[in-house]
Amino acid sequence: MHPGRLAVLLGLALLAIAVTSVGLGPSSSVELGEVLRGALSKLHLCAPLDGSLQVIAELRLYKLLVSIGVGAALDFGALLVDRLVLPGVGATQVGGADVHGDIQGSNLT
């Protein structure tokens, strides 16, 4: 499969998972549309939701942003360990950026 198509498919899958995760939670009274409206209200594009619904929407969005950040940090940490422990064996690209030259000087061997 062409790398560009794979990247587009993975991006669409990530978007679907993100939208689904924002819509899920222990409070079944808040629907996906309300969560998205709560996000738009944080950007001052529409009126805020009533009372606790706005707080729930904000917490679900923060949960999504934190999970994306933690995933990126784990991926970068795995890349660093791979490059420091097994230089020349692992992949040298993460997210399309070539990191071979940046980390190469830190090899301890």
- prompt: What about G25, is it of a type outside the set (A, V, I, L, M, F, W, C) and modelled with pLDDT of 85 or more?
  reply: no
message: Among the residues of the range 54-69, are any touching a strand residue (DSSP E or B) at 6+ places or on another chain (Cβ under 8 Å), aromatic (F, W, Y), at pLDDT 85 or above and part of a helix (DSSP H, G or I)?
response: no
statement: Of those in the range 25-53 that are assigned to a helix (DSSP H, G or I) and not hydrophobic (A, V, I, L, M, F, W, C), the residue farthest from L14 (Cα to Cα) is S52
field: Test set (1) touching a Leu at 6+ places or on another chain (Cβ under 6 Å); (2) surrounded by fewer than 14 Cβ atoms within 10 Å (Cβ to Cβ); (3) touching a residue at least 24 places away in the same chain (Cβ under 8 Å) - C46 fails condition number
entry: (3)
message: If I ask for residues that are of a type in the set (A, V, I, L, M), under 22 Å from the mean Cα position of the chain (by Cα) and either at pLDDT below 85 or surrounded by 12 or more Cβ atoms within 10 Å (Cβ to Cβ) (or both), which ones from the range 70-94 would you list?
response: A72, A78, L79, L80, V81, A91, V94
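The values are calculated or read from the model by the stated rules, or taken from the named source; none is laboratory data. Given the structure is predicted, the values throughout are model-derived calculations rather than measurements. Note that each Cβ is placed from the backbone with ideal geometry, even for glycine, and that neighbours are counted across all protein chains shown.
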